[in-house]
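Report on one structure; see the data block that follows.
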Amino acid sequence: MIGGGTQLVGLIGQPVSGSLSPRMQNAAFAARALDWAYVPLEVRPERLGEAVTGLAALGFVGANVTVPHKEAVVVFCDEAEGDSVNTLVLRDGRVLGFNTDREIVAGIEAERVCLIGSGGAAKALLPALPGEVRVFSRSGEWPPDASGCDLVVNATPVRDEALVEPRPEQAVVDLAYHADGRSTALVEAAREAGCRLVIDGLEALVRQGAASFERWTGIEPPVAAMRTALGLDQ
């Protein structure tokens, strides 16, 4: 139950109706017995500045930021971690922007990376990617070419087209996911190919979400509960 003492965290984006972050984060708050609530907030691009100001006015503790606002929100932060952020922390009257998307690829070893996408999600991952990175986008070099790459990252919303043909020696990370848990075309192709590592969109959601949880609360995230909420351990 949300009451007068409940601490609020939001999800700013458009659209947000299909996001599984509220399910995951509210399960995490419950697992840690926190009187906190995570609410989706549909925000049009032209109202983004007002939305960020409104978070502070309404006493929100923080927020996640998703498409299409990850880059645009930076100008409304008092301090930001790079040119693309996905996590806001409201503290002492200031808006702090953090990039917890980096945790999605943390620890993955690669010499050459095929990064598909050039939007906010791709830019958030770029500083954390190892080795030489080739960026492919429909506004630039297309179609993607993963030959010679040992890591493939899909940072686009494309779910029903693999875009590249994975090979066994490659690691594959796909940020996209189906809300019903079905595998995306890329993840399905990567698993069929026997890729050395496959991180699907739900696992990616947990990795960045756990880091966001810790930023807001200052306590260790209940990763097992977050994974269970998404059906990953069933």
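The values are calculated or read from the model by the stated rules, or taken from the named source; none is laboratory data. Just so it is clear, the model here is predicted, and its values are computed rather than measured. Cβ sites come from the backbone with ideal geometry, for glycine too, and all protein chains shown count toward neighbours. Only protein heavy atoms, including side chains, enter the accessible area calculation; ligands, DNA and RNA are left aside. Shrake-Rupley method; radii C 1.70, N 1.55, O 1.52, S 1.80 Å.
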The residue that is nearest to A121 (Cα to Cα), considering only those in segment 37-96 that are touching a strand residue (DSSP E or B) at 6+ places or on another chain (Cβ under 7 Å), small (G, A, S) and without any contact (Cβ under 8 Å) to a residue 40 or more places away in the chain, is A80
Picking from A190, A210, the residue that is more than 25 Å from V65 (Cα to Cα), in contact (Cβ under 8 Å) with a residue 12 or more places away in the chain and open to solvent by less than 30 Å² (accessible area, probe 1.4 Å) would be A190
The correct count of residues that are closer than 18 Å to S21 by Cα, out of contact with any strand residue (DSSP E or B) (no Cβ under 6 Å at 6 or more places or on another chain), of a type in the set (D, E) and at pLDDT 95 or above in segment 147-203 is 1
Expected single match for among the acidic types (D, E) and either in contact with a Cys (Cβ under 7 Å, 6 or more places away or on another chain) or closer than 24 Å to L126 by Cα (or both) among E220, E161 is E161
Scanning segment 97-134 for residues that are within 18 Å of L48 (Cα to Cα), among the hydrophobic types (A, V, I, L, M, F, W, C) and open to solvent by 20 Å² or more (accessible area, probe 1.4 Å) gives F98
Scanning segment 100-118 for residues that are under 19 Å from N64 (Cβ atoms) and assigned to a loop (DSSP other than H, G, I, E, B), the one nearest to the chain's Cα centre (by Cα) turns out to be V105
A155 passes all but one of the listed conditions (1) open to solvent by 50 Å² or more (accessible area, probe 1.4 Å); (2) out of contact with any Asp or Glu (no Cβ under 6 Å at 6 or more places or on another chain); the exception is number (1)
